[in-house]
Every structure is written in C-alpha cells, then in structure tokens.
1. Does Leu5 count as under 19 Å from the mean Cα position of the chain (by Cα) and within 24 Å of Val234 (Cβ to Cβ)?
2. Restricting attention to strands (runs of 3 or more DSSP E) lying wholly within the stretch 111-172, give those where 1 or more residues are touching a Lys or Arg at 6+ places or on another chain (Cβ under 7 Å) and surrounded by fewer than 23 Cβ atoms within 10 Å (Cβ to Cβ).
3. Collect the residues in the stretch 182-201 that are polar (S, T, N, Q), crowded, with 18+ Cβ neighbours inside 10 Å and closer than 22 Å to Lys137 by Cβ, keeping them in residue-number order.
4. Just to be sure before I move on: is Arg224 basic (Lys, Arg), over 26 Å from Gln28 (Cα atoms), modelled with pLDDT of 95 or more and not in a strand (DSSP E or B) in the structure I sent?
5. Residue check: is Phe8 at pLDDT 95 or above, crowded, with 22+ Cβ neighbours inside 10 Å and aromatic (Phe, Trp, Tyr)?
6. From (1) touching a residue at least 40 places away in the same chain (Cβ under 8 Å); (2) buried (at least 22 other Cβ atoms within 10 Å of the Cβ); (3) over 22 Å from Ile135 (Cα atoms); (4) among the β-branched types (Val, Ile, Thr), pick out the condition that doesn't hold for Val52.
7. Tell me, yes or no, whether the stretch 194-204 has at least one residue that is free of Cβ contacts under 8 Å to residues at least 40 places away in the same chain and assigned to a loop (DSSP other than H, G, I, E, B).
8. For the stretch 202-214, check the following and say yes or no: at least one residue is at pLDDT 95 or above, surrounded by 14 or more Cβ atoms within 10 Å (Cβ to Cβ), touching a helix residue (DSSP H, G or I) at 6+ places or on another chain (Cβ under 9 Å) and farther than 27 Å from Tyr47 by Cα.
Amino acid sequence: MKVTLGQFEPSLGNKQANLNKITRIMEQASNEDSELVVFPELGLTGYFIQDVDSQMAEPIDGDSIRYIQQQCKHYNVHVVLPWPELSEDGRIYNAACLISNHGEIIGTYRKVHLYDKEKEVFTPGDDFFVFDSAIGKIGIMICFDLDFPETARTLQLKGADIIVSPTNNMEPYQVYQDTFLKSRSMENEIPIVLCNRVGGERDLTFFGESAAYDAFGRQVTKLRSSEKTETIEVGIHQPRDKQLQYRENRAPKLYGQLLKS
C-alpha cells in the first residue's frame, strides 16, 4: 500500500489555512500515486481549541469534512482526516474519519485514551474499529492510544491489515513514540504508520518524527522535526513468522486479571 505522511504545523483556530495545507499535501500524494494520506491529530484546527473557541468542532457533515470529501474524489486518494467532532448530542470528540477516494465517509474513530488536559474538552470514545476499504482493512488509533498495548492488539484481533495513528506528540516523549511504535508493530505483526505534527502551542513543542514500521518492527521511514510530505510503500499481508505465532499462542483465559485492575 502506498501511504503518504502529511507532517505539518496546523495553525490554531485557522481552518482555512489548515485546509489549504491539507489540500496541497493531497495534491502531492496524488502526483506520487499514493493510495492513503494520513494527517496529524486535530490537523484541521490545531490542538488547544479551548484557547480559541470550542465551537471549532464540526459534525461529520460539516463544511470542512464535505470539502475534503470533494478533494478525495478530485485527487483519487483515501484520507484519514483528524478533527474535533461535534456529535448530535453536543459532545466533542477527538476524532478521525476515513474517507474513500470516491469521497465517501467509510467510518469515524473517536479517541479512547485522552491525554492530560484533553479531558477538559473531549469525551472519550468507547470502541475500537477496523474499517473495510478498497485498499485494505484499516485500523485507526490516535496519539496516546499508542501507549496502551491493548489498542493495537484489539485492532489486530479485529482483522486490521494496517494501523494508522494521527498524533500530536510533544517533547520530551520522542523515545516513547519510537519505542511504542516499533513494539506495537512487532508484537502484533502488523504495519503501523504514524503521522505527528510539528510546531508549538502554549508551552508544548511538537517534535514530528512521523514514522512507519512494517510487520516485523523494521523502520520504513522516519521524518525529522520540520514540515514534510513523504510517500512510502508499506507492505500488508506479509507472511508471519511461523515460529512466533503471537496471536495463536495467546492465553486469553488467563488474562482476566487485566479486566479487574
């Protein structure tokens, strides 16, 4: 699968500027025959939307989402678009939707594990999803979800061919991101693609280093700490190690304590 990492610095509260960047990245991805484009967490609005206006949130049929649907058709690419989702009941979720190259919304994932002050704004999601698309079965997790091994394992057990992770990861957690990304891919025998943002908000510095690992924990690419768009080839359906067989060798009957603590 050809995947594009759209690592950029969102402008807090300026949707139009961010949409312009997103569109340029989609254009480059299309020129490079990419099949899937991944953007950073909350790439539509920036991170601390409470500093601007919590009404930056949009429903799934909002103007920005509909615009990106049109661009997906125009550029013939699938997109994972992260944004603050306004639900029908007025709650706000840290979400990402998968849009097909025909402009159809395949599904939406709402971040389950909220980090620090995100709890002031967002409601946590309550499930993990694998979305069936024309290019494969795609699991989505967002940023802090990566730190919890149960997230990637659940997506693997649900049949994901690949996991993508929009991220807003900040200093000093570079080693966490790299270690967990490699570990999750290796222990689940599944490729994982992570797109982190760059730049700063409040006292946070987002370090980028978007990366991809294949199903054997081998690094496919790792970007630096500036805006960059890169298209890579990520192998899916790779043959698994016959000796390891992690999924088959699990002992779920003995894992009950995990649910009690």
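The values are calculated or read from the model by the stated rules, or taken from the named source; none is laboratory data. Since the structure is predicted, the reported quantities are computational estimates derived from the model, not experimental observations. We place every Cβ from the backbone using ideal geometry, glycine too, and count neighbours over all the protein chains shown.
1. Details: under 19 Å from the mean Cα position of the chain (by Cα): yes; within 24 Å of Val234 (Cβ to Cβ): yes.
Yes.
2. Working: elements: 130-133, 136-140, 162-167.
In the stretch 111-172, 130-133 are the strands (runs of 3 or more DSSP E) which contain 1 or more residues that are touching a Lys or Arg at 6+ places or on another chain (Cβ under 7 Å) and surrounded by fewer than 23 Cβ atoms within 10 Å (Cβ to Cβ).
3. Scanning the stretch 182-201 gives Ser185, Asn188.
4. On the way: basic (Lys, Arg): yes; over 26 Å from Gln28 (Cα atoms): no; modelled with pLDDT of 95 or more: yes; not in a strand (DSSP E or B): yes.
Taking the combined requirement at face value, the residue does not satisfy it.
5. Working: at pLDDT 95 or above: yes; crowded, with 22+ Cβ neighbours inside 10 Å: yes; aromatic (Phe, Trp, Tyr): yes.
In short, yes.
6. Checking Val52 against (1) touching a residue at least 40 places away in the same chain (Cβ under 8 Å); (2) buried (at least 22 other Cβ atoms within 10 Å of the Cβ); (3) over 22 Å from Ile135 (Cα atoms); (4) among the β-branched types (Val, Ile, Thr), the one that fails is (2).
7. Initially, the stretch 194-204 is screened for residues free of Cβ contacts under 8 Å to residues at least 40 places away in the same chain, giving 200, 203.
Then drop every residue that is not assigned to a loop (DSSP other than H, G, I, E, B), which leaves 203.
Checking the stretch 194-204: at least one residue is free of Cβ contacts under 8 Å to residues at least 40 places away in the same chain and assigned to a loop (DSSP other than H, G, I, E, B).
8. yes
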